[in-house]
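> Dropping the structure in here first, questions after.
The values are calculated or read from the model by the stated rules, or taken from the named source; none is laboratory data. The shown structure was predicted, so the numbers you read here are calculated from the model rather than taken from an experiment. Here the Cβ positions follow ideal geometry from the backbone for every residue, glycine too, while neighbour counts run over all protein chains shown. Surface areas here come from the heavy atoms of the whole protein model, side chains and all, with no ligands, DNA or RNA. Shrake-Rupley method; radii C 1.70, N 1.55, O 1.52, S 1.80 Å.
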Amino acid sequence: MKRSMSVVAALAASAALVLSACGGSDKGGANAPVDEKAADIQINQQDRANLKEGGELRWAISSYPDNWNRANTNGNNANTATIVDEFLAPKNLLADEAGKLSWNPLYVESAEVEAGPPQVVKLKLNKEAKWNNGDPITWEDYQASWKALNGENEEFKPASTDGWNQIASIEKGADEFEVVATFKESYPDWEAIFSGVYNKNAMATPEIFNEGQKDAPNMDWYAGPFVVAENGLDVAQKMVTLVPNEKWWGEKPLLDKVIFRTIVEPGAEALAFANKEIDVVDGLVTADQVAKVQTRPDGDLRESSGFHWRHFTFNSKSGVLADKDVRKALVKGINREAIAQSDLAGMPIEDISKLMLGNHFFKPGQDGYADNSGDYAYDPEAAGKELDALGWKLEDGQQFRTKDGKTLEFTYTQLAGIPTSENEGKLFQSDMEKIGVKVTMDTQSPDKFNDILDNRSFNVIAFTWVSTIFPMANVGQIYGCDSQSNFTGVCSDKITELTQKIDTEMDRAKRIEYTNEVDKIIWEETMTVPLYLRRHFTAVPKDLANMGAFGTKSMIAENIGWMK
């Protein structure tokens, strides 16, 4: 399933997209420590014996799923990912709090790798694992997933082809429960590809893949501990109700019901938690939210390292932003640290400077991290000189620069009611004005977010990418020429060449070197501009166990429950 896929999602008080891959890692994972707290998890970890059987969990989400196919570009949404990946779909790989990966025996008994080249991976599947329609999970499901996601058929619209496009074939092994994947050369992040799997019927045709689950998930195509309850989709109220899967072969879920309730209004989810109307607010991002949830007497604010990073995306196909040199100059006019300080003001974070990002792939303190942003540091004087040299002059008495009678201007797409989007837009507009650039606010409803990206109907927009524990596995997803998730429109032959090396090089040191070369090109091309890395804050009642801020650790949905 490649849950490490970068996800775009509407999180609480923010908009976010998800990268493709699962949630485990070795010491090089995306959630490697960024400070002394980053390896921590806070989930009230308990044995099942200490927990009650029964009860319900009410969970706040900020957008109702509009496409349940997580592999499709329109299903690449963080809220959808929470429901589907954690509760409904196969989860082949598990990670502990240190990010160490292991195969989930409920789905995969073992995996063998022949280094090659060509590299060959053999998965032995659990014969007891079945889709909800009763069909066993077999090699055919993996083959169908590969054919839909490898990018060869352009009618399929996957959020990412990373990894799948490195496979030459997937075939039947000794029996239908052995998957034999032969790569074109080699692929070091092969585990990311097989972190899950899709039902072959969901991958059958482009029409089914793109449109087959737009209104509702087809429960026959899932195989997790929970299912959507009968009449569990309330489109009017934008609520999703899950119940235990009677066909589940693992340990019975402790909870009787999980209710996902869409709360769009910023701050309303925190107030609902304070009033005991909901039990989980995941991904708190503002001081106001934190203050509200902390008024609940039995509430608990849980914290861990984060996968989420804020950034600006520049649309290179729009107006003056088509000029790379203009984009490069504009970056020097952005006070990124001031934006981070403003966004995170009042949050329980000791040192915001440690969360600043100078790299698009690696995080501060992580193996491979290099701050490649030096040439693009905040320097409004330099920005002005570069714009002057490009012919965009600021004449006496004028507020904004002009060239050949045209004003240097573009729009910033602001998501109404999303505090980070609005705050970053306001500060970005102010920074640009200081260097003589006119930025007009284009205010849009958050529920238009996916459409805005899909249609590239923006000039500059800010949102969150949700990374994974495989920092080098998704270069092509955001920056590849043919990727549905490359919202910048920049096509770099050099990035394409380096991505192929990153995808096949087994020497980790060389992969890191190649990845940092790509990072420097992204800065040079001014495709996306990273701002800062978020820490993860989740509010839950104190007596809720095995739930909270997970860091690199995998969530086990059937083990979430209430203390006795």
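> Return the FRET efficiency for the residue pair residue 345, residue 100: r is the Cβ-Cβ distance, R0 is 60 Å, and the value is rounded to the nearest 0.05.
Here the calculated transfer efficiency is 0.95.
> Can you tally the net charge around residue 59? Count Lys and Arg as +1, Asp and Glu as -1, for every other residue whose Cβ sits under 12 Å from the Cβ of residue 59.
After counting each charged neighbour, the total is -3.
> Between residue 133 and residue 389, 0.36 nm times their residue separation minus their Cα-Cα distance comes to what?
That pair, residue 133 and residue 389, stretches by 85.7 nm at full extension.
> Now for a different question. Work through the residues other than residue 280 whose Cβ is under 15 Å from its Cβ and net out their charges, Lys, Arg +1 and Asp, Glu -1.
Computed value for this residue: -2.
> Using the Karplus curve 6.51 cos²θ - 1.76 cosθ + 1.60 with θ = phi - 60°, work out ³J(HN,Hα) for each residue of the stretch 310-324 in order, rounded to whole Hz, and write x for Gly and Pro.
3J(HN,Hα) across the stretch 310-324, in whole Hz: 7, 6, 9, 9, 9, 8, 6, 9, 10, x, 5, 6, 5, 8, 4.
> Next up: Whose amide H sits under 5 Å from the amide H of residue 227, counting only residues 5 or more places off or on another chain, with H placed in the peptide plane?
HN-HN under 5 Å from residue 227: 243, 245.
> Then there is this: Order 491, 481, most accessible first, counting only protein heavy atoms with a 1.4 angstrom probe.
Listed by decreasing accessible area, they come as 491, 481.
> Another question, then. For Cα extents along the principal axes in Å, several values are listed as (i) 76, 59, 43; (ii) 67, 55, 50; (iii) 71, 58, 45; flag the one computed from this structure.
(i)
> Okay, next question. Taking the DSSP beta bridges in the chain as the whole, what percent of them are antiparallel, to the nearest 5?
Around 75 percent of the beta bridges assigned by DSSP in the chain are antiparallel ones.
> While we're here: Relative contact order for the chain: what is it in percent, counting Cα pairs under 8 Å that are at least 6 residues apart?
So the answer I get is 26 percent.
> Note down the relative contact order for the stretch 124-244 as a percent, whole number, built from C-alpha pairs under 8 angstrom at least six residues apart.
Computed over the stretch 124-244, the figure is 26 percent.
> P(r) of the stretch 125-188 in 10 Å steps, Cα pairs, percent per bin?
21, 44, 31, 3
> When the dipole is taken about the Cα centre of the stretch 203-287, and only Lys, Arg (+1) and Asp, Glu (-1) are charged at their Cβ, what size is it in debye, to the nearest 20?
Result for the stretch 203-287 is approximately 140 debye, rounded to the nearest 20.
> By its C-alpha gyration tensor, with a ≥ b ≥ c as the square roots of the eigenvalues, how is the stretch 180-330 shaped: rounded for a/c under 1.5, else prolate for a/b larger than b/c, else oblate?
Oblate is the answer for the stretch 180-330, as a/c is 1.5 or above yet b/c matches or exceeds a/b.
> Excluding residue 103 itself, what net charge comes from residues whose Cβ is under 10 Å from its Cβ, given Lys and Arg +1 and Asp and Glu -1?
Result for the local shell: -1.
> Going by accessible area, probe 1.4 Å, with all protein chains left in place, what is the ranking of 258, 180, largest first?
Final ranking, largest accessible area leading: 180, 258.
> Heavy-atom accessible area per residue, the chain, 1.4 Å probe: how many Å²?
37
> Further question on the same structure: Suppose accessible area is computed on protein heavy atoms with a 1.4 Å probe; arrange 317, 200 from highest to lowest.
The residues order as 317, 200, largest area first.
> Okay, next question. For the stretch 357-481, what is the charge dipole size about the Cα centre, in debye to the nearest 20, if Lys and Arg each add +1 at the Cβ and Asp and Glu each add -1 at the Cβ?
Dipole of the stretch 357-481, to the nearest 20 debye: 180 debye.
> Run the accessible area of the chain with a 1.4 Å probe and give the carbon-and-sulfur part as a rounded percent.
Carbon with sulfur: 45 percent of the solvent-accessible area.
> To continue, here is another question. Provide the per-residue ³J(HN,Hα) series for the stretch 199-208, in order, calculated from phi with Karplus coefficients 6.51, -1.76, 1.60 and θ = phi - 60°, each as a whole number of Hz, with x at glycine and proline positions.
5, 4, 5, 6, 9, 4, 9, x, 5, 5
> Which of the lysines could be linked to residue 124 by a straight reach, that is with a Cα gap under 28 Å, when you skip same-chain ones fewer than 8 residues away?
Within the straight-line limit of under 28 Å, residue 124 reaches these lysines: 2, 27, 91, 100, 147, 172, 184, 200, 247, 252, 553.
> Under 5 Å between amide hydrogens, which residues at least 5 positions from residue 61 or on another chain qualify, with H placed 1.01 Å from N in the peptide plane?
Those qualifying (amide H under 5 Å, at least 5 residues apart or on another chain) are 261, 262, 263.
> When the Karplus curve 6.51 cos²θ - 1.76 cosθ + 1.60 is applied with θ = phi - 60°, which whole-Hz ³J(HN,Hα) does each residue of the stretch 423-430 get, with x for Gly and Pro?
With the stated coefficients, the stretch 423-430 comes to 5, 5, x, 4, 6, 4, 4, 5 Hz.
> Sticking with this structure for a sec: Report the Cα centroid-to-centroid distance between the stretch 189-265 and the stretch 433-463 in angstrom, as an integer.
So the two Cα centres are separated by 32 Å.
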